[in-house]
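Each reported figure results from applying straightforward, stated rules to the coordinates on display, with no laboratory input. Remember, it's a predicted structure, so these values are computed and weren't measured experimentally. Here the Cβ is made from the backbone with ideal geometry for all residues, glycine too, and neighbour counts use every protein chain on show.
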Amino acid sequence: MDFDELGLTGPILKAIASENYDKPTPIQNAVIPKFLNNHDIVGIAQTGTGKTAAFVLPILERLIKKNKKNLPKSFPVLILVPTRELAMQIIDKIRTYGKIIRPKAVLIVGGAKPGPQIKSLKDGADIVVATPGRLLDHVKSKVAYLNNTNTVILDEADQMLDLGFMPSIKLIMSNISKSKQAVLLSATMPKAVRSLANEFLNKPEEVNVAPTAKPIELIDQRVFIVKREAKLKFLKDIFDNHNIYRSIVFVRTKIGANKLATKLKTSGIDVDAIHGDKSQSQRTRTLKNFRIGKLNILIATDIAARGIDVDNISHIINYDMPNESEIYIHRIGRTARAGKSGIAISLCDVSEKRKLKSIEKLIGYSLYAKVLNSSETLTLGNTNKNSTLKDKINTKNELNSNKVVKSTKKRNSAKLFSKKAKKRFAEKRKKRIQQDNHQSIEKLSTKPNKRKDKKLKNNSVKNSNLPFKKKSNKRKFSLNLDDAFHGKAHN
């Protein structure tokens, strides 16, 4: 199917052709017609499969046919995102696909001065791309109105509907008409989050073009079990011994990102860090340098996992394993985009093995972790067992068959032990049984005679030659002592 068969018209098709896009992706094929037919949608697809275009293109198609003028401080389309980086990425896509019709798209995010945003909203807009917190600030101060918004898109919906975002999302939705169209798109959609999404959807169309929580098969995933204190050494090995065209190193905390960036710079490796504590201008400058190639290595927290869309990222490195398994998918999804291949490397210490097991359970196969001693050098070979889906399926089958073999071996060894034990203790058991039988026979043959035993005992005492002791006369003795005291002692 081509783009013109999805309901898109001239200006949009020309913009798509100028970007050298030949065929729509599966998520675009599924979402665009439903979007244009005003259905609520829950779309799940792997990262890097064209989800942004799946909702931006039909939005632009509607704007072509729009006759009404924008009302002051209002906008018909609202796109909510979790991060500033993702918001800027979507604004760039809107400008790229809409370069012919030139829609008015306004960026509303935290970390930037509110003045220019308020000025842009004064005469209204076609599209607003916003993070929830800053948008609520503008709504409360009455510089933005939501009563004329009729289309709401939640990109990266699993994170948007997480407990941290739910209060803000509910407040925003309460100010929007109930007849709105709601579209939720993400790479993962846990059941608990899906139930929360039902609050904002009206008979949604389900679109799932990929297996749940499965990373793109073009990603070559490597896992190394290392000591925590040796992680920095192995990270340097990767950069020193391999041709890293463009790489993102993921860490868990902002402090950890700054410390790691400082240590690598001290070692002569050119890196920069991006996280929530950086100002918007710093983050924009860092991402720009990374995108144009001035910076090849980026240290990032998980805020960047949802907001970095940079071409030709060759390596993703998990310096810290993620706390949640789903985040792993978003991290490694930064590479192998647009049909290209990529490598994901995870440095896992002993304390993080549970997180690794959780990831393996989520994706459905083993990641073949290799144990490295601190004295070894980390090198990446040319082959990897995770390279094809067939190998992964075979791996899962092997693991299941190994479990069966192990359980069979345990049962067989138990039977073998019991046979040996019976043979070893057979003679002892036989002798013991014979002794028990002999003793029981003796007891039955000799019954005890209590009267006879008592008579024999008395006779033995009488016939004994031992003299009897004579009882002392205590009273007489005491009288004699009394007489002696009174001078009546006997001569």
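Segment residue 357..residue 62, full-extension length gain: 101.6 nm, with 0.36 nm per residue of separation and the alpha-carbon distance subtracted. Sort the range 3-208 into rounded, prolate or oblate with this rule: let a ≥ b ≥ c be the square roots of the eigenvalues of the Cα gyration tensor; rounded if a/c is under 1.5, and if a/c is not under 1.5, prolate when a/b is larger than b/c, oblate otherwise. Here the range 3-208 falls in the oblate category.
For the listed peptides 143-154, 279-290, 241-252, a ranking on the average number of other beta carbons within 10 Å per residue, highest first, reads 143-154, 241-252, 279-290.
Taking each pair of different alpha-carbon atoms in the range 219-382 once, compute 1/r for the pair, average those values, and report the inverse of that mean as the Kirkwood hydrodynamic radius in Å to one decimal.
Working: mean 1/r = 0.0628 Å⁻¹.
It works out to 15.9 Å.
Multiplying the sequence separation of residue 373 and residue 137 by 0.36 nm and subtracting their Cα-Cα distance, what value in nm do you get? If you can, show how the numbers build up before the last one.
Numbers: separation 236, 0.36 × 236 = 84.96 nm, distance 5.22 nm.
Separation in residues times 0.36 nm, less the Cα-Cα distance, equals 79.7 nm.
Counting 0.36 nm for each residue step from residue 279 to residue 311 and taking away their Cα separation leaves a gain of 9.1 nm. What does the convex hull of the Cα atoms of the range 45-146 come to per residue, in Å³, rounded to a whole number? Per-residue hull volume (Cα only) is 99 Å³. Distance between the 7 Å Cα→Cβ label points at residue 148 and residue 233: 6.5 nm.
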